[in-house]
Every structure is written in structure tokens, then in C-alpha cells.
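Data block below; observations after.
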Amino acid sequence: MIDLQKELDLTYLFITHDISVVKYISDEVAVMYLGEIVEQTDKKTLFENPRHPYTRLLFKSVPDISRPFLSEDGIIKGEIPNPTRLPKGCFFSPRCPLKSRDCEGAHPLLEEKSPGHFARCIKV
Ligand code: SF4
């Protein structure tokens, strides 16, 4: 795919559930949760400084041969909420380790937290 991309000057929209693959194929990355973008930036920035708690958990959940077992903090707890009965406030709040009462207020907007780095979270 990368060879074809260079040869034919293609743009791909590449969708994956394995964030470790993103490093090899992407320039710009949008992380989605429950149908909306929760973080968006260039690949280098995302891998060096993931901001959104969901993105951070995705990175921790990537298998690592130097770790014999998945650590407890690399497990995203709970289930994805029913899209027809979305949580109040932040959609990730039922599963977020940083959640506080403020997260159940207004639904967070996707905001530019630093130049070119967008996140949908009131705490990062
Ligand atoms: S707004 Fe709150 S619940 Fe949502 S991702 Fe940020 S810290 Fe977690």
C-alpha cells in the first residue's frame, strides 16, 4: 500500500482498530470514539504526546513483547455505551480514569489544545 501511495501519489483514508499500525501508514490521525473524533493531529505528535484519555489507553493496550502481560492500566474498563442512550456530557465518561463530576456537564467540543493538536476533553 505504501509503495502504491508513493508511485501513484494517492491519499488513503485508513481505518483500523490497531493504533500501532497507524505509525506505518498515516500522516494525519483522527482517533474516534462513539462516532466522533476525540483527538486529531499529525502522527508524530500523537505518538509522542497523546492527550485524550481514550487515546492514551489505546496506546497502553498495544501488546508489547517486553511486557509478559497486559498491565491493569492498559485495560479499557466497561463497555461502549448504547449509541441510542448516550451518557450525559462526555461520551467517554463512563470508562474514563480521569472522570470527575465536571465531565457530566456540557458535551466537550473538539478544541485546539496546541497548534494543530485537537482533543475533545475538558482536562487535557
Ligand atoms: S472530559 Fe472528562 S470524562 Fe471526558 S475524556 Fe476528559 S477527563 Fe475523561
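The values are calculated or read from the model by the stated rules, or taken from the named source; none is laboratory data. Keep in mind it's a predicted model, so treat the numbers as computed, not measured. Only protein heavy atoms, including side chains, enter the accessible area calculation; ligands, DNA and RNA are left aside. Shrake-Rupley method; radii C 1.70, N 1.55, O 1.52, S 1.80 Å.
The criterion of at least 3 residues that are open to solvent by less than 50 Å² (accessible area, probe 1.4 Å) is met, among strands (runs of 3 or more DSSP E) falling completely within region 15-124, by 28-33, 36-42. Restrict the check to region 55-64 and report whether at least one residue is modelled with pLDDT of 95 or more and among the small types (Gly, Ala, Ser). No: zero hits.
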